[in-house]
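To start, the structure itself, in structure tokens.
The values are calculated or read from the model by the stated rules, or taken from the named source; none is laboratory data. Source: prediction; values computed, not measured. Using ideal geometry, Cβ is built from the backbone for each residue, glycine included, and neighbour counts are taken over all protein chains shown.
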Amino acid sequence: MNDILLMIGRSLRVVLRQPAATLPSLAISVFFLFVYNSGLSSVADLPGFQGSYLAFILPVAIVSAAVSGAGLAGQELVRDVESGYFTKLLLTPAHRLSLIWGPMVAAATFLVVQVALIIVLAVILGLESATGLPGLVLVIVFAFFWGMAFAGYSVWIALKTRNAAAAQAATFAFFPLIFLSTTFVPEEYITSDWLRWAARINPTTYVFDAMRSLLIDGWQARPLLIGLAVVVGFATLTGGLALRAARRATQLTR
């Protein structure tokens, strides 16, 4: 744990030295929130639509921040690999888990800060959470795990390719997942059979459902448990792949 905390601290300092690197993901999220809320807010007038459209579209802004900001972890790792610093870290007694968890947790932590700012902006725009402040905190928790999942994927790609551009491009490959889901309207309003099918098998849909249940429907166990299983499962999968890639890098170094 001490090794992990030290690497998290180092990763946070590296990102703080380059604050401009975090601005694009925040700008994209704010863009989603403003443009889609103002342009598609009339969707809330459809029969059977529950809650405000602002609460419905807010999870889209949060998930997009996770996807676009996750590349920070991979880019930091690539910089260490290219400079030779990662090889030096592999020769230290530091636990291999700390070498990948440092950048991952740092990226997820910055995501939490961005999500908190997005939520504050949404509240200023008139957001009312059906579960109050505890629900908003739980939304941030979901965002943290989702950020960890994408950060793990970014780190895995970075260790496999050792290329910063590839790590960034690989995370943006997940953007179609956002739009092949219940992004703009609930599932019952999707008329295309293939798009409805894609939304049902898309894990992003269940993350949206969990967040929206907190913001619109109130405390409901089923969407929260399914959403939690998805984010934790995805984070475990990508974290395991990243750890395996780090162990292989250790063997190659030896």
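Criterion applied to Phe184, Phe172 was being at pLDDT below 90, within 14 Å of Pro59 (Cβ to Cβ) and surrounded by fewer than 19 Cβ atoms within 10 Å (Cβ to Cβ), and the one residue passing it is Phe184.
Listed by first and then second residue, the pairs linking a residue in the stretch 94-114 that is farther than 10 Å from Ala242 by Cβ to a residue that is of a type in the set (S, T, N, Q), with Cβ atoms under 6 Å apart and 6 or more places separating them unless they lie on different chains, are Gly102/Ser11; Ala106/Ser11; Phe110/Thr22. Ser41 satisfies every condition listed in (1) at positive phi; (2) surrounded by 14 or more Cβ atoms within 10 Å (Cβ to Cβ) except (1).
Here Ile119 meets each of (1) touching a residue at least 12 places away in the same chain (Cβ under 8 Å); (2) within 23 Å of Ile8 (Cα to Cα) with one exception, condition (2). So is Phe86 out of contact with any His (no Cβ under 7 Å at 6 or more places or on another chain) and in contact (Cβ under 8 Å) with a residue 60 or more places away in the chain or not? Answer is yes for this residue.
Yes/no matrix, rows are residues, columns are (1) among the aliphatic types (A, V, I, L, M); (2) surrounded by 24 or more Cβ atoms within 10 Å (Cβ to Cβ); (3) assigned to a helix (DSSP H, G or I):
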site	(1), (2), (3)
Ala61	yes, yes, yes
Ala65	yes, yes, yes
Met104	yes, yes, yes
Ile119	yes, no, yes
Ser129	no, no, no
Gly135	no, no, yes
Leu138	yes, no, yes
Ala143	yes, yes, yes
Gly152	no, yes, yes
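Pairs please, first residue from the stretch 36-47 and touching a residue at least 12 places away in the same chain (Cβ under 8 Å), second anywhere and surrounded by 12 or more Cβ atoms within 10 Å (Cβ to Cβ) and of a type in the set (Gly, Ala, Ser), Cβ atoms under 7 Å, 6+ apart in sequence or on different chains. If the second residue must be surrounded by 12 or more Cβ atoms within 10 Å (Cβ to Cβ) and of a type in the set (Gly, Ala, Ser), the pairs left are Ala44/Ser52.
The criterion of at least 2 residues that are basic (Lys, Arg) is met by the following helices (runs of 4 or more DSSP H) wholly inside the stretch 189-254: 193-201, 221-253.
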